[in-house]
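Colleague: Dropping a structure here in structure tokens format, bear with me for questions.
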Amino acid sequence: MFIKNAWYVACRPEEIQDKPLGRKICGESIVFYRGHHQQVFAVEDFCPHRGAPLSLGYVENGELVCGYHGLVMGCEGKTVSMPGQRVSGFPCNKAFAVIEKFGFIWVWPGNKEDADLDALPELEWADNPEWSYGGGLFHIHCDYKLMIDNLMDLTHETYVHSSSIGQKEIDEAAPTTKVEGDHVITERYMENIYAPPFWQMALRGNKLPDDVLIDRWQRCHFYAPSNVHIEVGVALAGHGGYHAAQSKKVSSIVVDFITPETETSHWYFWGMARNFQPGNQELTDSIREGQGKIFSEDLDMLERQQKNILNHPNRKLLMLNIDAGGVQSRKIIDRLLEAEKPITPISGQTRQFPNIRII
Amino acid sequence: MFIKNAWYVACRPEEIQDKPLGRKICGESIVFYRGHHQQVFAVEDFCPHRGAPLSLGYVENGELVCGYHGLVMGCEGKTVSMPGQRVSGFPCNKAFAVIEKFGFIWVWPGNKEDADLDALPELEWADNPEWSYGGGLFHIHCDYKLMIDNLMDLTHETYVHSSSIGQKEIDEAAPTTKVEGDHVITERYMENIYAPPFWQMALRGNKLPDDVLIDRWQRCHFYAPSNVHIEVGVALAGHGGYHAAQSKKVSSIVVDFITPETETSHWYFWGMARNFQPGNQELTDSIREGQGKIFSEDLDMLERQQKNILNHPNRKLLMLNIDAGGVQSRKIIDRLLEAEKPITPISGQTRQFPNIRII
Amino acid sequence: MFIKNAWYVACRPEEIQDKPLGRKICGESIVFYRGHHQQVFAVEDFCPHRGAPLSLGYVENGELVCGYHGLVMGCEGKTVSMPGQRVSGFPCNKAFAVIEKFGFIWVWPGNKEDADLDALPELEWADNPEWSYGGGLFHIHCDYKLMIDNLMDLTHETYVHSSSIGQKEIDEAAPTTKVEGDHVITERYMENIYAPPFWQMALRGNKLPDDVLIDRWQRCHFYAPSNVHIEVGVALAGHGGYHAAQSKKVSSIVVDFITPETETSHWYFWGMARNFQPGNQELTDSIREGQGKIFSEDLDMLERQQKNILNHPNRKLLMLNIDAGGVQSRKIIDRLLEAEKPITPISGQTRQFPNIRII
């Protein structure tokens, strides 16, 4: 069960540059392609003729053509034409609201007419010349909510990423969590500590000393349905930490778009946005490579965790204070799922009329 | 559910040259081997002793020997001997009618005593010195009926095989379909067109010009249970097309023996029979290689179509006029399946006697 | 269903030398590790915090640490500590009795308090300077009972291992089987035969002629729950066979510890113990290599047998006199399984009181 009335990142623009892309999102098989004027469209990935995946086809004159027998599928899910056939009676495919923005293709898996542009997240760093973004995509075989838990509780850095961003002081600094509507914030501040290797490198890259005491922060933001953005950084100790002047700190935003595929798999669009040296492409590439290595350390853990949970269906998991971010995020997800449920009459119960007793 | 009372191609002779072959056909696990006098036999691939596959064994003195503990299985499914054991009480294996003919091993998955030699197809090109045949085998993970549909509707050539045998004019020439007993014929004729690359090559190979107008034909024959033979060819335009003199045309028969394995997989014996340059082995090899490449283009499409259909169990597929060949072929299959059903009393219903009312 | 109240070989010491090992045994996911003083411990491989496999973690100061968020798991299954958390209310993991002996790590999958040291097998060859042992481990996808059948009926050597230890005379010498408590013995003696290649090599290695008549023996011992030890050897003919003087024979013990994983897979610890040239490490390595090759010939047969049996659920297997060893071993297993069943009141039946009739 997935929140359907929300925007999810479906793919990066380069994934649909030359040909259609088939991707399952929130249980829906969808084909994404660029049609007329390079606009992106998304329809059910199923040819109404013989069930072939439309994503095996191609785009011709801005129209999606099935690669099996040439059916031309319209961007609204109605068959446009097919060689030698009258197509007016063909059953319609589901079409999906889709939009290209902030360097991503976004899809709304629910009803197209309900798609709400105002529900798109606001990303201050996107389309902003003072910022730069680099990232990648992992296909991960676990429930997307395990990834949310992972990102909303960064104590795992100490163990999973011990040689780059982990350090004991993370465990020692209790986080605080607050909820604002569909937004969860989990914050942790560490003062007068030494930077772990990744941040030492970042300090040097910004011409700051890497062997002095620093203040470090992690501010994890969950936004429904499933995006986590984490403000991370270090500042020379005693200069205000998170609020320190640009010249005294290095900071960036870890950007995570988490798109469910099935109940036990998801697409993980990870990346980093930074507002220093935004034009330095070499730095962007080097950060992407380093981040890719660090984030791939989570893969095995999350997939094995998923298997272990499936193998132990009767064991309940603990929700400790460090898990508050994940717990609150899941509460929002559950509330939104509940709100999407159709109202159905209670079954198996005789309708009661006042003053009438059923004997 | 499969038609059991029919001949299917089980394997090529070279597959059982040196050792037994285990193959599942119409849901039956069968071991094929050459016994006395090189005759081919087929029995259930299950050792009555401990259930080992007999196909892991070997043939000794014309008898099939289990490779686990040496049980000797007779060609009629009765255990012949076993070291140190009296075998008269051993349970029998099912034995299958099997015959070597036309360069193939054929099996009858139904009861052996019902096997009818007259039901073998007639292949004018086989064992005929004026003809030559070359082919191959693919193991395909889709319902064999999807392959029949594929071959009985050649409009897919325009899309799946666009660089070899496909051309727009196929779509434009409506096919006609007729049924004669258990035989379906779908025909398409194209006149005054230019040959696509594969046929240009064939014209040159027959010392005919490749850049002039031609007439092209496709005559697809479905024969129950699941064989499709397609007469294909091109003739210089205006010389009678299909009926043109040998010197004005190039033609051949695409030979497809489609043997079900499970409900969602089959063995696909493809090939080509030709009546020009029959002694030219180099040409046979070169045609086989080209055909193998072209036919492998169907594999991904068919397997992905199968998955897509399984993922969308509630979607009905369309049956257009171009699908008439497949539709009629499936009707014959359904009729033959129905005919094989044992007659059973209607369950869940009280037997009705005339003049007796149940109150 | 597995016998839980018994010792099984879990792993070799080298498998837990540097880091914890996760292994499923008798359906239980278990992590094995060396704690304080290098002692081996075993607990459920499931972190009570978020369900991560503890086997992805590490050992620090003799304690097992979860690699996800640093929970410290005690050797008794109670959480010892977790950074920033009070752990007294954490649910307990199952802990398993485990012991290191005879060069192996042994586990008792049943309740720890029931673990009985006296139930460990006695291995005369282990920890004995006059003997030497070498072996390996296979992960095999079949019911462990098929492996017991395999080892308790060595007629398969003639077919599966025809080029090394197999010979026709095995089939011709009927075995005798006797049962002593939870111990089954199947014996076979062959007199005045020639040695097959493996034993020729062994004779030469012991400076005995390899081309003269010999006596050969196989004495298979099954010990509950699932260990098979086979006394094998050859002696120069007429010197007493099994009882011949050391100088006239070559003999060894084939050691098989068979540890169930799931109903259709197991861990197979195979090896050979010998009491000649015990200090010759080169010989140990060469025997291990040869035995590994021979025993790997069983793998394909057993896994294909398992598949074939699953595919033919209605076929019963035969139990011939050669199978007596396996049959008797399975009877013991069934009896021990029955004995482990909890006594439950018969369900679906009204409790009857004398003199009271329920109307």
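The values are calculated or read from the model by the stated rules, or taken from the named source; none is laboratory data. Predicted model, so just to flag it, every value in this text is computed and none were measured. Please note: Cβ atoms are built from the backbone with ideal geometry, for glycine as well, and neighbour counts cover all protein chains shown. Each accessible area value is taken on the protein alone, full model and side chains, heavy atoms only, with ligands, DNA and RNA left out. Shrake-Rupley method; radii C 1.70, N 1.55, O 1.52, S 1.80 Å.
Colleague: Are there any pairs, at least 6 apart or on different chains, whose C-beta atoms fall under 8 Å, with the first in the range B:213-224 and over 13 Å from B:P196 (Cα atoms) and the second surrounded by fewer than 23 Cβ atoms within 10 Å (Cβ to Cβ) and of a type in the set (S, T, N, Q), and if so, which?
Modeller: B:F222/B:Q328
Colleague: Please find, among A:Q306, A:Q277, the residue that is of a type in the set (S, T, N, Q) and at pLDDT 95 or above. Give the derivation first.
Modeller: Working: A:Q277 fails: at pLDDT 95 or above.
Residue meeting the stated conditions: A:Q306.
Colleague: Could you tell me whether any residue of the range B:75-88 is crowded, with 22+ Cβ neighbours inside 10 Å and within 9 Å of another protein chain (Cβ to nearest Cβ)? Walk me through it before giving the result.
Modeller: Quick first cut of the range B:75-88, residues crowded, with 22+ Cβ neighbours inside 10 Å only: B:79, B:82.
Cutting the leftovers down to within 9 Å of another protein chain (Cβ to nearest Cβ) gives us B:82.
Checking the range B:75-88: at least one residue is crowded, with 22+ Cβ neighbours inside 10 Å and within 9 Å of another protein chain (Cβ to nearest Cβ).
Colleague: State whether the residues of the range C:3-25 include one that is in contact (Cβ under 8 Å) with a residue 24 or more places away in the chain, of a type in the set (S, T, Y), within 10 Å of another protein chain (Cβ to nearest Cβ) and open to solvent by less than 40 Å² (accessible area, probe 1.4 Å).
Modeller: no
Colleague: Within the range A:166-196, work out how many residues are closer than 19 Å to A:H243 by Cα, at pLDDT 95 or above and surrounded by 16 or more Cβ atoms within 10 Å (Cβ to Cβ).
Modeller: 8
Colleague: Might you check whether a residue that is within 14 Å of chain B (Cβ to nearest Cβ) and open to solvent by less than 20 Å² (accessible area, probe 1.4 Å) occurs anywhere in the range C:228-247?
Modeller: Looking through the range C:228-247, none of the residues is within 14 Å of chain B (Cβ to nearest Cβ) and open to solvent by less than 20 Å² (accessible area, probe 1.4 Å).
Colleague: Output yes when any residue across the range C:40-59 is out of contact with any strand residue (DSSP E or B) (no Cβ under 8 Å at 6 or more places or on another chain) and open to solvent by 40 Å² or more (accessible area, probe 1.4 Å), and no when none is.
Modeller: Of all residues in the range C:40-59, those out of contact with any strand residue (DSSP E or B) (no Cβ under 8 Å at 6 or more places or on another chain) come to C:50-52.
After this cut, where a residue has to be open to solvent by 40 Å² or more (accessible area, probe 1.4 Å) as well, the list is none.
Within the range C:40-59, not a single residue is out of contact with any strand residue (DSSP E or B) (no Cβ under 8 Å at 6 or more places or on another chain) and open to solvent by 40 Å² or more (accessible area, probe 1.4 Å).
Colleague: Among the residues of the range C:321-338, are any at pLDDT 90 or above and part of a loop (DSSP other than H, G, I, E, B)?
Modeller: So the first thing to find is which residues in the range C:321-338 are at pLDDT 90 or above, and the list is C:322-338.
Among the residues that remain, those that are also part of a loop (DSSP other than H, G, I, E, B) are: none.
Among the residues of the range C:321-338, not one is at pLDDT 90 or above and part of a loop (DSSP other than H, G, I, E, B), which makes the answer no.
Colleague: Something else about it: Could you list all residues from the range C:47-61 that are closer than 10 Å to C:L71 by Cα, under 28 Å from the mean Cα position of the chain (by Cα) and at the interface with chain A (Cβ under 7 Å from one of its Cβ atoms)?
Modeller: If the condition is that a residue be closer than 10 Å to C:L71 by Cα, under 28 Å from the mean Cα position of the chain (by Cα) and at the interface with chain A (Cβ under 7 Å from one of its Cβ atoms), then no residue fits.
Colleague: How about the range B:307-319: which of its residues are at the interface with another protein chain (Cβ under 9 Å from one of its Cβ atoms), open to solvent by 50 Å² or more (accessible area, probe 1.4 Å) and in a helix (DSSP H, G or I)?
Modeller: B:K307, B:N311
Colleague: OK, next. In the range C:297-306, how many are within 8 Å of chain B (Cβ to nearest Cβ), surrounded by 15 or more Cβ atoms within 10 Å (Cβ to Cβ) and either without any contact (Cβ under 8 Å) to a residue 24 or more places away in the chain or under 25 Å from C:T176 (Cβ atoms) (or both)?
Modeller: Qualifying residue count for the region: 1.
Colleague: Sticking with this structure for a sec: Examine the range C:256-264 for a residue that is under 27 Å from C:E172 (Cα atoms) and not β-branched (V, I, T), and state whether such a residue exists.
Modeller: At the first step, the residues of the range C:256-264 found to be under 27 Å from C:E172 (Cα atoms) are C:256.
Now narrow it down to the ones that are not β-branched (V, I, T): C:256.
Checked against the condition, which is being under 27 Å from C:E172 (Cα atoms) and not β-branched (V, I, T), the range C:256-264 yields at least one hit.
Colleague: Is it fair to say C:P129 is within 14 Å of chain B (Cβ to nearest Cβ) and open to solvent by 10 Å² or more (accessible area, probe 1.4 Å)? Reasoning before the result, please.
Modeller: Details: within 14 Å of chain B (Cβ to nearest Cβ): no; open to solvent by 10 Å² or more (accessible area, probe 1.4 Å): yes.
For C:P129, the condition - within 14 Å of chain B (Cβ to nearest Cβ) and open to solvent by 10 Å² or more (accessible area, probe 1.4 Å) - is not met.
Colleague: A further question follows. What are the residues in the range C:89-110 that are open to solvent by 30 Å² or more (accessible area, probe 1.4 Å), assigned to a loop (DSSP other than H, G, I, E, B) and touching a residue at least 60 places away in the same chain (Cβ under 8 Å), if any?
Modeller: Answer for the range C:89-110, where residues must be open to solvent by 30 Å² or more (accessible area, probe 1.4 Å), assigned to a loop (DSSP other than H, G, I, E, B) and touching a residue at least 60 places away in the same chain (Cβ under 8 Å): C:K94, C:G103.
Colleague: Under 6 Å between Cβ atoms, which residue pairs at least 6 apart in sequence (or on different chains) link something in the range C:233-262 that is farther than 21 Å from C:T284 by Cβ with a partner that is of a type outside the set (A, V, I, L, M, F, W, C) and surrounded by fewer than 17 Cβ atoms within 10 Å (Cβ to Cβ)?
Modeller: From the range C:233-262, the pairs are C:A237/C:N192; C:K248/C:H239; C:E261/C:K24.
Colleague: Take the range A:197-227 and flag every residue that is basic (K, R) and either buried (at least 23 other Cβ atoms within 10 Å of the Cβ) or under 18 Å from A:S162 (Cα atoms) (or both).
Modeller: From the range A:197-227, those basic (K, R) are A:204, A:207, A:216, A:219; that's our starting set.
Correct list: A:R216 only.
Colleague: Please indicate, with yes or no, whether at least one residue in the range B:273-283 is within 19 Å of the chain's Cα centre (by Cα) and part of a strand (DSSP E or B).
Modeller: Residues of the range B:273-283 within 19 Å of the chain's Cα centre (by Cα): B:273-274.
Filter again for part of a strand (DSSP E or B), leaving B:273-274.
Scanning the range B:273-283 turns up at least one residue that is within 19 Å of the chain's Cα centre (by Cα) and part of a strand (DSSP E or B).
For every residue, the table says whether it meets (1) assigned by the TED database to the domain that holds C:D153; (2) touching a Leu at 6+ places or on another chain (Cβ under 9 Å); (3) not in a loop (DSSP other than H, G, I, E, B).
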{"site": "C:R219", "(1), (2), (3)": "yes, no, yes"}
{"site": "C:H239", "(1), (2), (3)": "yes, no, no"}
{"site": "C:S247", "(1), (2), (3)": "yes, yes, yes"}
{"site": "C:V250", "(1), (2), (3)": "yes, yes, yes"}
{"site": "C:T259", "(1), (2), (3)": "yes, no, yes"}
{"site": "C:G292", "(1), (2), (3)": "yes, no, yes"}
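Colleague: Which of (1) of a type in the set (G, A, S); (2) in a helix (DSSP H, G or I); (3) buried (at least 16 other Cβ atoms within 10 Å of the Cβ); (4) free of Cβ contacts under 8 Å to residues at least 60 places away in the same chain does B:S286 not meet, given it meets every other one?
Modeller: Only one criterion in (1) of a type in the set (G, A, S); (2) in a helix (DSSP H, G or I); (3) buried (at least 16 other Cβ atoms within 10 Å of the Cβ); (4) free of Cβ contacts under 8 Å to residues at least 60 places away in the same chain is unmet by B:S286, namely (3).
Colleague: Among the numbered criteria (1) in contact with a Gly (Cβ under 9 Å, 6 or more places away or on another chain); (2) over 17 Å from C:S252 (Cα atoms), which one does C:I185 miss?
Modeller: (2)
Colleague: Here are the criteria: (1) of a type outside the set (G, A, S); (2) within 14 Å of chain A (Cβ to nearest Cβ); (3) buried (at least 21 other Cβ atoms within 10 Å of the Cβ); (4) closer than 23 Å to B:V250 by Cβ. Tell me which single one B:M147 does not satisfy.
Modeller: All conditions pass for B:M147, except number (4).
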